[in-house]
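**Q** Just passing along the structure, written as structure tokens.
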Amino acid sequence: GSPNSGSPNLPLPAGRGCTDVVCCVLLVVAIVGYVVVGVVAWTHGDPRKVIHPTDSRGHPLVLLEFQCPTTQVPPGPSAGTGGGHPYGPPNRPRPARPQICVSKCPDRYLTFLTARGAPGELRYYRDFCAPAFDPRKAPLEVLKDRECPAMLIPSTPLARRCFPAIRAKKGVIMVGNETTYDDGRGRRRNVTDLLEGAKKANVVLETRQLAMKIFEDYTVSWYWIIIGLVIAMVASLVFIVLLRFLAGIMVWVMIVMVILVLGYGIFHCYMEYAKLKGEAGSDVSLADLGFQTDLRVYLHLRQTWLAFLIILCVLELVIVLLLVFLRKRILIAVALIKEASRAVGHVMSSLLFPLCTFFLLCLCIAYWASTAVFLSTSNEAVYKVFNESACPFSGHTCRPETFNATNVTRLCPDAQCLFAFYGGETAYHKYLVALQFFNVFMFFWLANFVIALGQVTLAGAFASYYWAFKKPDDMPAFPLFSAFGRALRYHTGSLAFGSLVLAVVQVVRVTLEYLDHRLKAAENKFAKFLLSCLKCCFWCLEKFLKFLNRNAYIMIAIYGTNFCASARNAFFLLMRNIIRVAVLDKVTDFLFFLGKLLIVGSVGILAFFFFTQRIKLVQDTAPPLNYYWVPILTVIVGSYLIAHGFFSVYGMCVDTLFLCFLEDLERNDGSADKPYFMSPDLRKLLKKTDAAGRPDE
């Protein structure tokens with residue numbers, strides 16, 4: 001703890017012990033299991049399957065999402081023909097749709113029926129048929145078994161796939177050089193019918209071109225983006241320093257502005273109400289008018305403006321009364337904000353600590369994402385025995401490499417070993433869904449643990465500032481590192497406990513969102529209503545747990561107690577001071593919102609004028625861009641993240657000092673034996689005297 005940790009007036013315990021050891025052990029076991037799952041997934045998975053599909057032999061090649069519905073594909077890649085081969089009787093298992101590779105995309109319109117009548121065309125057509133194609137079979141059987149596409153269309157390769165060669169010539173849609181094609185049934189159809197099937201190809205092509213232009217913009221503007229982010233960081237730091245001296249002015253200006261805006265609203269509503277007096281139709285009541293889709297109709301009624309006038313008057317009165325009765329608590333909030341600036345000034349390293357939290361969160365996200373990819377690509381090509389006649393081995397798993405050497409071919413001459421599906425029949429493959437669920441759960445648990453570690457570390461550093469009798473002389477030499485070490489050494493179990501509870505709720509929320517997505521097309525209104533209620537309840541529960549955990553971690557940093565005791569003490573301490581909590585929370589939230597808005601808005605406007613070359617002094621310096629919004633949006637988003645990182649530290653400091661302040665009031669009375677540890681400004685606001693005669697800082 002701090003140098004004063006042995007003082008009887010301090011809540012900081014003289015000696016700490018490990019808390020929630022069971023949860024600590026459980027976390028370690030879970031992490032070990034998570035590592036084992038990752039290793040097993042990395043052993044079985046193949047991420048190439050994410051960007052490459054497979055042909056009928058299970059060889060990975062190109063993006064499944066852009067799979068063409070026929071067997072046509074460009075050199076090397078593969079695609080599905082759609083549908084399966086109905087080998088054998090209907091009650092027997094069927095192999096999956098065949099996927100093949102071809103040397104080049106088709107360059108002409110041709111139907112299977114036309115090609116079958118011309119030997120030369122049939123030889124060309126066979127390049128786009130499955131290896132199992134038998135030219136002796138009836139055309140209907142060939143098409144039914146999906147051994148060949150019903151027709152070929154002039155195509156071009158894109159992303160190693162064949163897509164219809166659609167182009168517009170003088171406003172006319174064409175494929176190849178034709179505007180119509182033979183559908184194989186003796187009818188000519190317009191090529192616009194092919195547009196729907198080529199939509200994904202167009203999206204991919206446009207996305208690829210957009211991505212290339214965005215990449216080009218980043219290559220010529222990256223250093224200016226970095227300069228913009230540095231400006232945002234400096235502005236955030238300056239704002240926090242100025243907040244120490246201008247917090248009071250900013251709060252009262254904000255309050256006065258709210259009162260003036262409401263006052264103007266009251267005046268405007270009265271003027272509109274008076275102006276409509278005597279006009280035809282303005283005295284119709286809202287009840288008589290009923291519901292109107294054109295909301296402007298209501299603005300021509302005196303009753304509408306009267307309702308607005310009453311609502312604004314009531315709101316204005318409530319705010320004025322709150323200011324009258326809560327003026328002292330608002331002053332306490334301002335004083336705490338100023339005190340937080342002093343604390344941050346004495347623990348400047350805390351401003352960089354979010355980088356550590358961000359790095360650990362990136363590790364969690366990277367491990368979760370990579371494990372999810374490897375798990376999802378762990379399926380293997382499964383081959384099974386298919387046959388036309390009765391065979392005792394029908395449906396059994398087989399291996400194409402050794403199939404001809406087995407007894408199956410001798411007992412069932414017409415049997416074939418064909419690709420059936422992707423999956424697996426081992427215990428690992430059967431529990432892939434459970435492993436994915438475990439992966440998601442561990443991600444939430446570890447991410448919440450990292451956030452909790454950051455919160456308890458900052459809380460410990462700022463608590464050591466508050467409970468230092470002589471600030472900053474009585475503070476530890478390195479308060480942030482001391483708090484970080486205490487958190488890991490003594491309270492890993494408590495952090496694991498709090499993050500575990502929150503992770504369970506978050507996993508339930510994700511499951512509900514998934515069910516809601518699956519039930520969108522359902523007609524059961526009661527199920528949708530129930531699901532919406534559950535989503536709302538768990539959303540509220542998650543928000544409450546985040547609030548409770550945050551304050552529990554502060555109590556853990558101060559007292560060193562376990563999670564349940566800390567959460568209980570923090571909750572009842574806040575409930576005993578609920579009005580102070582509400583006022584402080586809203587005042588600080590609004591101040592921080594103004595700060596973020598000011599920083600992000602200022603840097604964003606500066607970036608806009610710079611990248612659009614509207615600043616004459618640096619007009620020739622701005623790089624030429626395809627899309628000027630690319631660096632501007634990057635700077636705005638980056639500025640918000642930087643400002644949020646700074647203000648999150650500030651917010652944690654305010655919350656910690658506030659709990660310490662409440663503890664100080666309940667534990668001490670200002671006597672020589674129990675002196676206050678609060679700052680002189682807070683003592684003056686509370687009109688408290690310190691019999692110990694502590695000197696002002």
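**Q** How much length is gained if the chain between Ala280 and Ser376 is pulled fully straight, taking 0.36 nm per residue apart and subtracting their Cα-Cα distance, in nm to one decimal?
**A** Stretched fully, the Ala280-Ser376 segment lengthens by 27.6 nm.
**Q** Next question. Using a 1.4 Å probe on the protein heavy atoms, what percent of the accessible area of the stretch 332-412 belongs to carbon and sulfur?
**A** After summing per-atom areas, the C and S share lands at 66 percent.
**Q** Note down the nm distance, to one decimal, between modelled labels 7 Å out along Cα→Cβ at Ala672 and at Tyr428.
**A** Rounded to a tenth, the inter-label distance reads 7.5 nm.
**Q** While we're looking at this one, here's another question. Return the loop-located GluC sites (Glu not before Pro) in the stretch 276-374 (DSSP other than H, G, I, E, B) with at most 11 other Cβ atoms within 10 Å of their own Cβ; answer none if there are none.
**A** Glu279
**Q** Leaving out ligands, DNA and RNA, what percent of the accessible area of the stretch 519-611 is carbon and sulfur, probe 1.4 Å?
**A** For the stretch 519-611, the apolar C and S fraction of the accessible surface comes to 75 percent.
**Q** Continuing with the same structure: For Ser671, which sequence-distant residues (separation of 5 or more, or a different chain) have an amide H within less than 5 Å of its own amide H, given hydrogens modelled in the peptide plane?
**A** Ala691
**Q** Per 0.36 nm of contour for each residue apart, how much would the distance between Leu519 and Val318 grow if the chain were fully extended, relative to their Cα-Cα spacing? Before the final figure, lay out each step's value.
**A** Values: separation 201, 0.36 × 201 = 72.36 nm, distance 4.40 nm.
Gain in length upon complete extension: 68.0 nm.
**Q** Tell me, what HN-Hα J-couplings in whole Hz come from the Karplus equation 6.51 cos²θ - 1.76 cosθ + 1.60 at θ = phi - 60° for each residue of the stretch 426-432, using x for Gly and Pro?
**A** 8, 4, 4, 5, 5, 10, 4
**Q** Collect residues whose amide H, placed 1.01 Å from N in the peptide plane, falls under 5 Å from the amide H of Ala420; neighbours closer than 5 in sequence don't count.
**A** HN-HN under 5 Å from Ala420: Ala96, Val382, Tyr383, Lys384.
**Q** Another question, if that's okay. Each label point is 7 Å from the Cα along the Cα-to-Cβ direction; what then is the distance between the points at Ile31 and Ala405, in nm?
**A** Distance between the two pseudo-spin positions: 4.9 nm.
**Q** Here's something else I'd like to know. Taking a ≥ b ≥ c as the square roots of the eigenvalues of the Cα gyration tensor of the stretch 381-423, is the shape rounded (a/c under 1.5), prolate (a/b larger than b/c) or oblate?
**A** Oblate.
**Q** Kindly state, to the nearest 0.05, the FRET efficiency for Val238 paired with Phe547, given R0 = 25 Å and r defined as their beta-carbon distance.
**A** 0.25
**Q** Accessible surface of Ile153 in the full protein assembly, 1.4 angstrom probe, to the nearest 10 Å²?
**A** Surface open to solvent at Ile153 totals about 20 Å².
**Q** Something else now. Rank these residues by their accessible area, most exposed first, probe 1.4 Å: Trp42, Trp222.
**A** Largest to smallest exposure gives the sequence Trp222, Trp42.
**Q** To the nearest 10 Å², what's Trp224's accessible area with a 1.4 Å probe?
**A** 60
**Q** Can you figure out the FRET efficiency of Ile579 with Trp629, using R₀ = 56 Å and their beta-carbon distance, to the nearest 0.05?
**A** With a Förster radius of 56 Å, E is 0.80.
**Q** Could you put Phe419, Phe544 in order of accessible surface area, largest first, with the 1.4 Å probe and the full protein assembly present?
**A** Highest to lowest solvent-accessible surface, that is Phe544, Phe419.
**Q** Taking 0.36 nm per intervening residue step and subtracting the Cα-Cα distance, what contour gain separates Lys144 from Ile365 on full extension?
**A** Value of the extension gain: 74.9 nm.
**Q** With a Förster radius of 25 Å, plug the Cβ-Cβ distance of Leu246 and Leu597 into 1/(1 + (r/R0)^6) and report the FRET value to the nearest 0.05.
**A** 0.95
**Q** Keeping every protein chain in place, order Lys520, Lys528, Lys384 by accessible area at 1.4 Å, biggest value first, i.e. largest first.
**A** Ranked from most to least accessible, the order is Lys520, Lys528, Lys384.
**Q** Now for a separate question. Amide H neighbours of Ala165 under 5 Å, counting only residues 5+ apart in sequence or on other chains, H built in-plane at 1.01 Å?
**A** HN-HN under 5 Å from Ala165: Ser155, Thr156, Gly176.
**Q** Filter the cross-link list Lys471/Lys674; Lys144/Lys384; Lys384/Lys430; Lys338/Lys471; Lys586/Lys674; Lys520/Lys546 down to pairs whose alpha-carbon distance in this structure exceeds 24 Å.
**A** On the way: Lys471/Lys674 17 Å; Lys144/Lys384 21 Å; Lys384/Lys430 18 Å; Lys338/Lys471 15 Å; Lys586/Lys674 31 Å; Lys520/Lys546 29 Å.
Violating the 24 Å Cα-Cα cut-off are Lys586/Lys674; Lys520/Lys546.
The values are calculated or read from the model by the stated rules, or taken from the named source; none is laboratory data. What you see is a predicted model; the values in this text were computed from it and never measured. Cβ coordinates were reconstructed from backbone atoms using ideal geometry, including for glycine residues, and neighbour counts include every protein chain displayed. We work out accessible area using only protein heavy atoms, side chains counted, and drop any ligands, DNA or RNA first. Shrake-Rupley method; radii C 1.70, N 1.55, O 1.52, S 1.80 Å.
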